[in-house]
Amino acid sequence: MDRPQSSERAAVVAIECVAGSSKADEWGGDMLQTGDVVEEIKIGGSAAVRSPFKGGKSGVQKLLHSAFKRGETSIEVRVRRCSKAVELQACIVPHGPAGRRQYVLRSIHDPNYAVGFVDRMESECIALQGSRNSRVVCALSTAKIQDGYVSYNWEKKMKEFLPLSSSSCFLSVLVLPKALDAVGSRYNSFEDTLARANAWLISSQVTGVPIEFINIQTEALLTKISGETASATVNSGSSSDLSNLANASLYGFEDYHGVDIGVVKAVRLWYTPAAGELAIDIKLQEGDTKLGFAISRTEEGFIYISSVDETENESASTRSGLREMFRQARDTSKLLVISRVSNEKVLPWMVSSAGGIRCFDTISLSQKLSLHRHALKPIRIHVLMWEQPLPNELIQYKALSPLSAPFPAPTIERPNLVGADASETGFEDDMVGDVSFRPRWKRMIPELEGKIPLSYRREAFQLLFNSLAEVRVFEHSYKIGPESCPTHMARMANAANPDIPIYSTRSCSCSKTGIYLASVTKSGCLTVHDFETLYCTIYGPKSSLLKDEGKDLLHIHTSQTLDSVRWNPTNQDEVACSSRQIDKVMLFDIGYVSSEPVEVFEKDKSKLSRHACGLYSGLSDILFGSADKSRLLACGLDGIVYIWDKRLSNFPYLELTTNSQSQLNSIAVDSEDRVVFGASKHGIIYAWDLRGGRSSYAFQSHNEGSCPLLASIKLSALLERITTLKAQSNIVSREIHSISLDPSCSHQLAFHLDDGWSGVLNISNLNVTHVHCPPPAWLDGMDISMGSIMRKPSWLPTCSIYAVGSSSDNGLYLLDFYPSTSSACHVDFTEELWSTPGKCSRAGKNKYIPVSQNILVCAVHPLNGTIIAGTKQSSLLVVSPKHRAHKDSNSTT
């Protein structure tokens, strides 16, 4: 009689769920659940161990520990749930929160699901199993679906699925309400505007324009109205006028200043091509005297092919298949409407309040097409399609992904008309075989094509080299209240006593649009300039100082030293700063004149002790992500790259570590935010792949913020492979001051060393392709301690030119790092080969520009290429083409 009761009170080893599953079968019968009684354990190829287990939970943990030490992590567990047996295949993993030598089982099929072992009375297990239905119902009532986000490669998807990567097939025309008077104070009703939009669409379709309706929406346009007009219009703030608001084309309201604001209600009509757009390349040849087609315009504003040359079989329109397309359109009573010319839309876009349709002029378009013919450059036009052609009917065409309203249709391959990329349509040098006419078009070819090759930009910039010079130096002369700022005081003290250290400019950065320029100094001064004001001041009186332009700049003194500054690419009012002496990234809003940052991102304090002491907790460089705009990166003196997500927390969500604690001086990220590069004090470049790297992390918890090291490259070892360099120099490992990726050639990673050497690492094959080795500082009697000052060069935005301040004297090097053996810095450059008359003009050359102060950091304007350099004397030095004043020959002196 007592045996069943004693059995229920017996201790057994049971299952305890540690981590839940992310799959829908978490509550299914095939998953182990809390309260299941363990019957059998089989580890690897060993014999199965059955219950009762000696020592209970402790005995099972000893078995798991022994197996884990032997490297046997595969385990099969069979449990009893009421009268049913359930099995689980899992792997043995350590469980840190439970203490040393404690292990759990992680499911092979779902790494997020893990279970452990506990000692329980069998009666407790039976009770847990019996209450499972109630627990499921309770869990269902409290379960919440969490939101999240995923990164999306917009550029790739747009290029892959759209006819043009920067434009859609959703077309629209804005119809304004018709004005009843000249001043535009009274308009027809909103119903009249809808009727006019409807009439325009139907008339276009009847005319033969192959378009289909998608949607229609109202669009509110704000305007300022007078008091009389306001009293005569519908007032949105009055409840009595709400009934008239729906059909009113103009209504008004008062803002909080009491100003009468009018809202004109326009109509946006959305439409789409009936069967997408077809791209046609009209290739021209010598001897083409005409294009072979004429264009006209419909009353609705659409430009179409009105006629083609039916007699000439060798005309450009015939070769391209345009004549055949015109015939097919004519046979189906459709117009061959041109939607784009050179990827630029030429469709009507607005109906004015006076009734006129805003569209493109056929005369100017004809002139542009004629210029294409004279320059012998292909013409790419897009036409609106009226039906999906069969592949065998268009054997000479290739369409760009067609789109039918309102949903995309599958892509039909039509070979031979347009290549996969517009860049495939190229021609040889215009100078070949023609010396009478075509050379005068040579410099206009990039304008006609709409794309400037890298080689052309490089050749054009070489012509500007001789005109580049120092045009102005702006000294750091600012005041904080009645007293001068610490940077200015240190500069003045250094002028009187050279033994007193000077607080130099440590970093410069231009905003993405080039509107602002930011610079920081070692003493903690953050200065923001309006670039246009800065540039215009260059040609003003020499006595004009930036301190007098208070409305156009911002000067803040922080209580911390500053070593790096970067602009937020998505918000040009936000600038981030970091210091090698503190472990924080400070984000300033230039709209607020305050020495306190609006936001601070710092390391996780709980992790500092395990990495390094506070002596090495500073941040040497910062960077905003290019693809993921919410991502902020910084590298530290402790050898770790910290990554913050501004949307999540002010603490880093990911840490990139190295196999040493060598301090990192600089970081760089590729254009898609996939690979992070870090440069160390010991001359090593590290690379991390944010997508996961080479190691498998299938069983890593999603809460662990780490990423594997992809590669570590020792620069001195790569430099020793260059035989000509090794024969002339004693190559040793040097500190890397700066690294940065070439914006015009994504596989070129530039580096700058503490001895003044600069070069390029090809990240595709991990070889050094370019090197520039200037004379050492001690050769010219320069202070050797200058080598310890961090120098930060910069790429010019479009032509693979690297701007580097000289470490031995007051000068600026413009290094030609063009990805070709024609570059003077290329390791395979042969001077004898490129010194011949035919190739001399195409060989790249370096430029040395003498300046008045020693340059430490460089920044380049993203649009016009002006170089702004920060100097050892805390000044800003501007290098750009020097303007020369030409006097009128008729003027008297």
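So which of Lys42/Lys84; Lys845/Lys882; Lys479/Lys522; Lys522/Lys629; Lys792/Lys872 end up more than 23 Å apart by C-alpha? Let's see the in-between values first.
Values: Lys42/Lys84 19 Å; Lys845/Lys882 20 Å; Lys479/Lys522 17 Å; Lys522/Lys629 28 Å; Lys792/Lys872 12 Å.
Distance filter (> 23 Å) returns Lys522/Lys629.
Extension gain for Ser307 to Arg358 (0.36 nm times residue separation, less C-alpha to C-alpha distance): 16.0 nm.
Amide H contacts of Glu735 (H built 1.01 Å from N, in plane; Pro and chain starts excluded): Asp754 sit under 5 Å, all sequence-distant by 5 or more or on other chains. Packing, as the average of other Cβ atoms within 10 Å across residues, places the peptides 743-756, 308-321 in the order 743-756, 308-321, highest first. Spin-label pair Ile261-Asn343: with each label point 7 Å from Cα along the Cα-Cβ axis, the two points sit 3.8 nm from one another. Phi angles of the stretch 575-581 translate, via the Karplus equation with coefficients 6.51, -1.76, 1.60 and θ = phi - 60°, into HN-Hα couplings of 10, 10, 10, 9, 9, 6, 10 Hz per residue; Gly and Pro are given as x.
If R₀ is 56 angstrom, what is the calculated FRET efficiency for the pair Glu122 and Asn153, using the beta carbon separation as r and rounding to 0.05? It would help to have the intermediate numbers written out before the result.
Values: r = 55 Å, r/R0 = 0.98.
Taking R0 as 56 Å, the efficiency between Glu122 and Asn153 is 0.55.
If I stretch the segment between Ala727 and Glu599 completely, what's the gain in nm (0.36 nm per residue apart, minus their alpha carbon distance), one decimal?
Details: separation 128, 0.36 × 128 = 46.08 nm, distance 5.23 nm.
Gain on stretching Ala727 to Glu599: 40.9 nm.
Each of Ser74 and Ala48 was given a label point 7 Å from its Cα along the Cα-to-Cβ line. The distance between the two points is 1.7 nm. Across the stretch 752-757, coupling constants 3J(HN,Hα) worked out from phi with the 6.51/-1.76/1.60 Karplus curve, θ = phi - 60°, read 9, 9, 6, 8, x, 6 Hz, and Gly and Pro carry x.
Projecting label points 7 angstrom from Cα along Cα→Cβ for Tyr848 and Gln102 puts them 6.8 nm apart.
A short reminder: the numbers here are calculations on the coordinates, not readings from a lab. For clarity, every value in this text was computed on a predicted model and none was experimentally measured. As a convention, Cβ positions derive from the backbone with ideal geometry for all residues, glycine included, and neighbour counts pool all protein chains shown.
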